[in-house]
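First the structure, in the form of structure tokens, and then the observations on it.
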Amino acid sequence: EDVIRAVTFTPAQVSFSQNFQKFVDLVNERGKGVVQIQVIGGPETIPQPRMGEAQKNGIADMFLLPAGLYLNIVPEGEAFAGSNRDPMSVRADGGIDLINGIFHEKANAHVLAHVDGGAGFHLWLTKKPGITEDGQVDLTDIRLRSSPLYRAFLETLGATIVVQPAAEVYTSLERGVVDGTGYPISGLRDYGWNKFLKYRLDPSFFQTDVLITMNLDAWEGLSDEAKNIVQQAAIDHEKSSFDANIVLNEEEGKLLAEGGIETITLTGEQETLFLKTAYDIAWARLKERDPANHDALKAIFFEEIE
Amino acid sequence: MMDWTLSIAILIGGLMLSMGIGLPVALGFFLINVVGVFLFMGGARGIDQMISNATMAVSTYSLAPVPLFLVMGSLFFHSGLARRVLDAIDVLIGRLPARLSYLTVTSGTVFAALSGSSLANTGMLGSLMVPEMMKRGYKKHMAIGPILGSGGLAVIIPPSTLAVLFGSLARIDIGALLIAGLLPGVVLAFLYAGLIFAQAKLDPEAAPNYEYTPLPLMKRLGIFARDVVPMVVIVMAVVGSILTGVATPTESGALGIVAVAVLALLFRALDWKAVTDAIQDAARVTGMTFLLITASSTFAQLLAFSGASSGLVRWATSLDMGPTQTLLVMALILLVLGMFMDQVSMMLITLPIFVPLAMSLQFDMVWWGLIMLLMLEVSFTTPPFGLLLFVMHGVSPPGTTLPEVARAALPYILCVFLLIALVILFPTLATFLPSLM
Amino acid sequence: MSAALSLLDALSKLMFWIACALVVMIVCVVTYDVASRNLGLPTAIWAVNSVEYAMLHITFLCFPWLVRTRGHVCVEVLLTYLPAGLRRLWQAGLQILAALIAFYLMYHSGKSFFEVLTDGSYEVRAFDAPMWMLYASMPLGFGLGALQFLSFFPRHESFYGAPPEAHAGL
Ligand code: NA
Ligand code: NA
């Protein structure tokens, strides 16, 4: 029996880890006597920004880890965040095979699935944003808490950026140190930020880029039977977590709206301009770091915005 | 994988041993880290990972208050402003024994209500108050204890970064958890005051009541206007900037430094030597504290990675017990883990197991969360790993040993235990304010 | 020998001064960051991360000088119970052990430093910083720190039993 030791990038009770647990249960169920996954822990075992390296070194066998947390190792990982297509279509068009060639070489890792897809980042604000003459969202005079992923985008829109760990954002929103943040719909209420937020800006941009991956040596060390079980469970979970996410986001969105958060929806040219700006920045950054695979990846992961 | 009891015996036993024989604490941590990495992280490649993890430990913005408040405090001291202010306060308050200890608790409570960070609180009070208190002949524990005590207050009196994190991880209403800490926080401050009163009564030498000549009221007011009012500027720079949203508590130390520097200039107390001394002191203490944090955070990761800590938690919570016993066992686990780990790691390890357990026992989650937060507060000052102990040791008078600092903290930890007992006996203490929301 | 010791001290002191300069830098950068945000000056996207990196380097740059000036915490309970002769021997052993640990950490962090230097890896925070920059101070600090532990022998001094004013503090 093969035993796979897994580490997650979020604490055990956060939704990402809980969804991962469903995948673990699935494998452990199907893999009785063949392969079992044992979860070691979350970010208390290895600091998040060092998990990509730990995967490369084989400190643990399996990781639930966003590609965006180790862009220094695989800059092409940004294709997942910069993707506006669903993970199943990307897989069907050979996207996972393509990117696995890169992950094998650069990260010593094997991508099993892009999970919890279908959710992007929204801007959440305490102040109403303006619109410039050319129709772009105007965040001048708005201070936003940001992560490196979308910081460049928010700066293009004129926002002033404040870098803060998530735990400090509550007090910052309360006191007006920041006027908002980018975040996916799910998980927002966990931090209690909804108490102070008044606006949600639609559409969402980028896609959460959480992957189930394995250290390549650990992957290749599995028996063929174990490989099949794990890979098939990952493909199944990719789909079911996507579907569950769509439902969850709708429910959460409704709850937040009932709680008094007004949605501002950009449409038509405004929407196009907003999204184009966002995705262009992601793909340009990927190209700047390593242009070799940019075009091939973009052709599969990205659908042109018209 | 090794049995968790063996892992725990090796890691914690090894740590105690390497410290006990007298190795510098940071190197003792590193020694056992290397041993642990070979056992649990797969040998040499694990060492590279440990080195890499170590670069993350202090390169995090939330530790910025350490150098900032240390510079602020040591500048305040070396420029002689501290002496002016405390002289003035001496004259104003008059005969009250141990008045500077009370002053520390009072200002600690006020600052706790402004900052969310125990580190900021201790760093500021420690560097502001200790050097002058020592000069006035206070015994060490009368200076160190109140600061460690009120440093922990920052955790339960809102705002509190730790409470927010706790609330979000445990899915407890964050607003309710924050407000629930207010009343117990004030009670705790009074317990501290009572403790100081008792300590000063039992040992009058601990806080000497030096020569004092009563001054006429006008003269007192004059001193107040000259020496104390300007200091309000410093307080405003730190506190006001936090309150108005100009700066986060993390950043507020920088504005405090600017305020101290400007005031020192105005009082013609700022010379080159004061500035260089202040910076050197701050750098020394920062370097020492950060090396300890680096070494011990890697240790905490090993403890988690090896399955030792989660094994302990699972075992202890699997014992079938009644609600009160379970609550006490949870508190005991936090006490034990808190000796070796930082608060965030502790929450990450325990909450996935504690939360469902607490819910199944139908605890009021806000009440329960507050008790857990109080235990997390205690872990800041329990040896061998206590973040506030390290910072405090750094700003303590020459010759102070780590055990001395820990002993000074002990009665204050007992006060927290007393408060926990009160919260258990009278849950209203925690639930009253949230119920008004 | 004494020339080598003075060189060691000079280098340790130099590293400590660099750490002091980084402390000053942190104060200036945070002040500017707050000021720029509130006064509408150009924001410094590098502010937060450069403070983080500065704190990392302060840690290791201070190490040798803190060893020399006996600024590191240790639990001396056991030492006080040992008879004088045994205590001297014990302290000598501890100094050697401490030096060995520091040398070991120097070796491995140095290895990591050269690895990331040659493979050109970088770290992604608000900006992409070369990874070698993170490791730069670690081997230096541990290496000189180890030498400082050993230097107590030719100096005929001890890391332990320091006079109180040597201890890190205000
Ligand atoms: Na507080
Ligand atoms: Na502790």
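The values are calculated or read from the model by the stated rules, or taken from the named source; none is laboratory data. Being a predicted model, the structure only gives us computed values, none of them experimental. When we count neighbours, we look across all protein chains shown, and the Cβ atoms used for this are built from the backbone with ideal geometry, even at glycine.
Assorted remarks:
- Subset of the range A:152-168 (residues that are more than 8 Å from chain B (Cβ to nearest Cβ), under 20 Å from the mean Cα position of the chain (by Cα) and surrounded by 20 or more Cβ atoms within 10 Å (Cβ to Cβ)): A:Phe153, A:Leu154
- Failed item in (1) of a type outside the set (Asp, Glu); (2) away from ligand 2 (no atom under 16 Å from the Cβ); (3) surrounded by 24 or more Cβ atoms within 10 Å (Cβ to Cβ); (4) within 14 Å of chain C (Cβ to nearest Cβ), with B:Ala358 passing the rest: (4)
- Checked across the range A:180-199, the condition of being buried (at least 16 other Cβ atoms within 10 Å of the Cβ), away from chain B (no Cβ under 14 Å), in contact (Cβ under 8 Å) with a residue 60 or more places away in the chain and in a strand (DSSP E or B) holds for at least one residue.
- In summary, B:Leu100 fulfils each of the numbered conditions (1) within 23 Å of B:Leu183 (Cβ to Cβ); (2) more than 16 Å from ligand 2 (Cβ to nearest atom) with the single exception of condition (1).
- Unique residue being touching a helix residue (DSSP H, G or I) at 6+ places or on another chain (Cβ under 8 Å) and either surrounded by fewer than 18 Cβ atoms within 10 Å (Cβ to Cβ) or assigned to a helix (DSSP H, G or I) (or both) when the list is B:Leu335, B:Leu328: B:Leu335
- The C-beta contact set for the range B:366-386 (first residue under 23 Å from B:Leu15 (Cα atoms) and among the small types (Gly, Ala, Ser), second residue part of a helix (DSSP H, G or I) and within 16 Å of ligand 1 (Cβ to nearest atom), distance under 7 angstrom, 6+ apart or interchain) comprises B:Ser379/B:Gln343.
- Enumeration of residues in the range B:387-397 that are more than 16 Å from ligand 1 (Cβ to nearest atom), surrounded by fewer than 24 Cβ atoms within 10 Å (Cβ to Cβ) and within 13 Å of the chain's Cα centre (by Cα): none
- Residue in the range C:76-97 that is in contact with a Pro (Cβ under 8 Å, 6 or more places away or on another chain), among the β-branched types (Val, Ile, Thr) and outside any helix (DSSP H, G or I) present: no
- The range B:361-393 - residue that is within 14 Å of another protein chain (Cβ to nearest Cβ) and within 22 Å of B:Ile424 (Cα to Cα) and, of those, nearest to ligand 2 (Cβ to nearest atom): B:Leu376
- Among the residues of the range B:377-393, those identified as in a helix (DSSP H, G or I), in contact with a Gly (Cβ under 7 Å, 6 or more places away or on another chain) and of a type outside the set (S, T, N, Q) are B:Glu377, B:Val378, B:Leu388, B:Val391, B:Met392.
- Residues of the range B:151-171 satisfying the condition of being surrounded by 24 or more Cβ atoms within 10 Å (Cβ to Cβ), part of a helix (DSSP H, G or I), within 10 Å of ligand 1 (Cβ to nearest atom) and among the hydrophobic types (A, V, I, L, M, F, W, C): B:Leu153, B:Ala154, B:Val155, B:Ile156, B:Ala163
- Within the range B:134-174, the residues that satisfy the criterion of being of a type in the set (Gly, Ala, Ser) and either within 16 Å of ligand 2 (Cβ to nearest atom) or at negative phi (or both) are B:Ala143, B:Gly145, B:Gly149, B:Ser150, B:Gly151, B:Gly152, B:Ala154, B:Ser160, B:Ala163, B:Gly167, B:Ser168, B:Ala170.
- Any pair with Cβ under 6 angstrom, 6 or more apart, that starts in the range B:147-162 at a residue that is modelled with pLDDT under 85 and ends at one that is outside any helix (DSSP H, G or I) and within 16 Å of ligand 2 (Cβ to nearest atom): B:Gly152/B:Phe380
- Residues that are under 21 Å from the mean Cα position of the chain (by Cα), part of a helix (DSSP H, G or I) and more than 9 Å from every other protein chain (Cβ to nearest Cβ) do not occur anywhere in the range B:47-62.
- Matching helices (runs of 4 or more DSSP H) fully within the range A:18-111 where at least 2 residues are within 14 Å of chain B (Cβ to nearest Cβ) and over 18 Å from the mean Cα position of the chain (by Cα): A:51-57
- Flag for C:Ala54 being at pLDDT 95 or above, more than 8 Å from chain B (Cβ to nearest Cβ), closer than 18 Å to B:Asp281 by Cβ and within 18 Å of the chain's Cα centre (by Cα): yes
- Of all residues in the range A:151-179, exactly one satisfies the criterion of being charged (D, E, K, R) and assigned to a loop (DSSP other than H, G, I, E, B), namely A:Asp179.
Let's see how each residue does on (1) farther than 21 Å from B:Val85 by Cα; (2) of a type in the set (Asp, Glu); (3) within 16 Å of ligand 2 (Cβ to nearest atom); (4) assigned to a loop (DSSP other than H, G, I, E, B):
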residue: B:Met129; (1), (2), (3), (4): no, no, no, no
residue: B:Val186; (1), (2), (3), (4): yes, no, no, no
residue: B:Leu215; (1), (2), (3), (4): no, no, no, yes
residue: B:Arg220; (1), (2), (3), (4): no, no, no, no
residue: B:Ala225; (1), (2), (3), (4): no, no, no, no
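- Residue check for B:Leu96: in contact with a Cys (Cβ under 7 Å, 6 or more places away or on another chain) and farther than 30 Å from A:Pro165 by Cβ: no
- Pick from the range C:122-159, criterion in a loop (DSSP other than H, G, I, E, B) and modelled with pLDDT of 85 or more, ranking: surrounded by the most Cβ atoms within 10 Å (Cβ to Cβ): C:Phe159
- Entry remark, the range A:259-278: residues being in a helix (DSSP H, G or I) and within 12 Å of A:Leu123 (Cβ to Cβ) number 2 in total.
- Scan of the range B:288-308 for residues that are in a loop (DSSP other than H, G, I, E, B) and closer than 16 Å to B:Gly13 by Cβ, ordered by number: B:Ser306
- Within the range B:394-421, the residues that satisfy the criterion of being within 12 Å of ligand 2 (Cβ to nearest atom) and either part of a loop (DSSP other than H, G, I, E, B) or free of Cβ contacts under 8 Å to residues at least 60 places away in the same chain (or both) are B:Ala406, B:Ile413.
- B:Leu202 out of contact with any Gly (no Cβ under 9 Å at 6 or more places or on another chain) and either surrounded by fewer than 20 Cβ atoms within 10 Å (Cβ to Cβ) or within 12 Å of another protein chain (Cβ to nearest Cβ) (or both): yes
- Selected residue (only one of B:Leu418, B:Leu387 is hydrophobic (A, V, I, L, M, F, W, C), within 22 Å of B:Pro184 (Cβ to Cβ) and at pLDDT below 90): B:Leu387
- Residue that is nearest to C:Phe153 (Cα to Cα) [pool: residues in the range C:6-16 that are surrounded by 15 or more Cβ atoms within 10 Å (Cβ to Cβ) and not acidic (Asp, Glu)]: C:Leu8
- Meets criteria (buried (at least 23 other Cβ atoms within 10 Å of the Cβ) and at the interface with chain C (Cβ under 10 Å from one of its Cβ atoms)) for B:Gly22: yes
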